[in-house]
1. Do any of Lys44/Lys77; Lys68/Lys94; Lys80/Lys132 go past 19 Å between their Cα atoms, and which?
2. Ranking request for peptides 186-192, 246-252: highest mean number of other beta-carbon atoms within 10 Å first, then the rest in descending order.
3. Could you pull out the trypsin sites (Lys or Arg not before Pro) across the range 111-176 that fall in loop regions by DSSP (anything but H, G, I, E, B) with no more than 16 other Cβ atoms inside 10 Å?
4. Test of understanding: ordering His261, His96 by Cβ neighbours within 10 Å, fewest first, what list do you get?
5. Rank the residues Thr128, Thr110 as a footprinting-exposure proxy: fewest other Cβ atoms within 10 Å of their Cβ go first.
6. Can you tell me the mean projection area, over all orientations, of the convex hull of the range 263-314's alpha carbons? Units nm², please.
7. Quick one: among Ala63, Ala127, Ala38, which has the greatest mean-square fluctuation in a GNM of the chain with alpha-carbon springs under 10 angstrom?
8. Please compute the length gained on full extension between Ala47 and Asp103, using 0.36 nm multiplied by the number of residues separating them and subtracting their Cα-Cα distance.
Amino acid sequence: MKKKLLSVILCLCALPLCGFAFAEPSVRWVDFNASEWALRACLKYEAEFYGSDSGYNFADAVAYLAFKNGNRFSKAKDEKTLKNLAERLRGGEKFHEIMPDTDYAAYLRTSYGAVLSPLVGDYIEEATGERKHGLRCPFPLAAGHWYNHYDDFGNSRSFGYKRRHLGHDIMGSVGTPIVAVEGGTVTECGWNRYGGWRVGIRSDDSLRYYYYAHLRKDKPFAEGMEVGKRVESGDIIGYLGVTGYSDKENVNLKSCSPHLHFGLQLIFSPEQEKGPKEIWVDLYALTRFLASYRVQAVRDDGGAYVPAARRLWA
Ligand SMILES: [Zn+2]
């Protein structure tokens, strides 16, 4: 597992961003190291403390673990830390009294919160109409379609120029429906010389940009996908393929298996949108965590896939 020295660079002044002011510190780099185990454990405690006045929430609990473990997650240590946190909260202490009030703690809450805060919340089960609370962002490949993956974040890539792999590849079959993890607005939809047919979706709070690339040759996108379109979490946005690495449109990658390139960029300030200040997140543990909620996709009369039984954000 990748263990990197955390670079903590904080800018504590509030910066105006896209028309609204940021009360939180602006973050210039994020090492998202949370383990799958930590994500699942913090979600389990969310079920216990949700609705209480403890101040516990999923994203803050992961940030608390990162604070206590120096952003090096290990089950043995994290399990004890979480148990201890839960006991203190059950004993009547509040989360804000336990989480240290330091710049580093604030940085971790802001950076982990930027990735994790949308994942867990209130939702309505589309199938039953039941209101629930928990994981509400799905895995990006529809249910019933095989996949495999490993942690390939940061691996070297050479097409065009030498660079690091700033996303997560999920191998699968051509045509597997691709599901929007979080809702938002489509800001990119079309051909890119690296990503091939790709869709980019910006979250409503504009903090996250989701990038789904190498979509299927000839029919990459779901019906009606275009720049400006509103997409909900769980919507089918396109189909897995193997396009890209070409200036010419609609060309398949050579010597590559079909896969989804799934990327998540954090944007705390406008200069982080494009260029050397871009912040991309290692999504391996996160996608493994999301795998416990996969959206069923069924074919409509025209043969296109549509989602069934989503968790509709409430
Ligand atoms: Zn990739």
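Just so it is clear, none of the values below were taken in a lab; they were calculated from the coordinates. Remember, it's a predicted structure, so these values are computed and weren't measured experimentally. Neighbour counts run over all protein chains shown; Cβ positions are idealised from the backbone, glycine included.
1. Values: Lys44/Lys77 17 Å; Lys68/Lys94 17 Å; Lys80/Lys132 28 Å.
The answer is Lys80/Lys132.
2. Values: 186-192: 17.6, 246-252: 13.0.
My ranking of the peptides, most packed first, is 186-192, 246-252.
3. On the way: sites: Arg131, Lys132, Arg136, Arg157, Lys162, Arg163, Arg164; in loops: Arg136, Lys162.
Here the sparse-neighbourhood loop sites are Lys162.
4. Numbers: His261 21, His96 10.
Listed from fewest to most nearby Cβ atoms, that is His96, His261.
5. On the way: Thr128 9, Thr110 22.
In order of increasing Cβ crowding within 10 Å: Thr128, Thr110.
6. On the way: hull surface 25.6 nm².
Projected over every direction and averaged, the Cα hull of the range 263-314 covers 6.4 nm².
7. Ala127
8. Values: separation 56, 0.36 × 56 = 20.16 nm, distance 2.87 nm.
Gain in length upon complete extension: 17.3 nm.
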